[in-house]
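Below is one structure, written out as structure tokens, with a few remarks after it.
The values are calculated or read from the model by the stated rules, or taken from the named source; none is laboratory data. Model, not experiment: these values are computed from the prediction. Using ideal geometry, Cβ is built from the backbone for each residue, glycine included, and neighbour counts are taken over all protein chains shown. Protein only, heavy atoms only, side chains kept; ligands, DNA and RNA dropped before computing areas. Shrake-Rupley method; radii C 1.70, N 1.55, O 1.52, S 1.80 Å.
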Amino acid sequence: MIIKIIFYLFLFILQMNLVFGKSEKSNILTKLSNLDTIRFDFTQYTNDKIENGECLLSFPGKLKCNYSDDKQKEMIINNNKMSITQKRYNKTYHYPISKSALIQILDKDKLYNKIKKSRLVIADNEIKLIEPDEKFIILFENKEFNLIGWEIKDKFNNITKFIIKIKIINEQLNDDEFKIPEIKLN
């Protein structure tokens, strides 16, 4: 008799965890569906390096980040192109974005699919949605379900953690904010 009670109790707890996880994911997806733009402060941790700044994210596929560093770094992503400018040295570098993990965050459809396929873990005051291969983790607030960051593990097992603090949601932005600087030929 005690074994049956423990078994049914175990099934009940398991079922509640499944329902709870689905409810959390559905709340996150609902929150994301109402998002068009985000202005946020960030802290980026890569190995022993810490960088800070402010970003504008506009769905789909646009991101502009100004770093608070001595090089006056600015990163702009506009769909499938990315530029990084070091304003202090007047140098701009261009990169394709297609293989970058950032494309997963900037495309709502890809982000939705990541969320649906991810394993949900609630720790402290955050929700972690962990990809099956554990190379990509998306972080959300536990109560309001706002995006608070992501962690990316590259092919060399370096982890970049990007923590955000949202300042403004659904602000009207000008497309010129995300204009990629032209390549200068000498």
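The set of residues from segment 24-82 being assigned to a strand (DSSP E or B) and surrounded by fewer than 14 Cβ atoms within 10 Å (Cβ to Cβ) comprises Lys49, Ile50, Asn52. Please enumerate the residues belonging to segment 130-170 that are open to solvent by 50 Å² or more (accessible area, probe 1.4 Å), farther than 19 Å from Leu102 by Cα and either in a loop (DSSP other than H, G, I, E, B) or touching a residue at least 60 places away in the same chain (Cβ under 8 Å) (or both). Across segment 130-170, the qualifying residues are Lys143, Glu144, Lys167, Ile168, Ile169, Asn170. For segment 94-112, give me each residue that is assigned to a strand (DSSP E or B) and either at pLDDT 90 or above or open to solvent by less than 30 Å² (accessible area, probe 1.4 Å) (or both). Across segment 94-112, the qualifying residue is only His94. The residue that is least open to solvent (accessible area, probe 1.4 Å), among those in segment 113-129 that are of a type outside the set (A, V, I, L, M, F, W, C) and over 30 Å from Lys179 (Cα atoms), is Ser118. When the residues of segment 173-186 are filtered to those that are part of a loop (DSSP other than H, G, I, E, B) and free of Cβ contacts under 8 Å to residues at least 12 places away in the same chain, the one that is surrounded by the fewest Cβ atoms within 10 Å (Cβ to Cβ) is Asn186.
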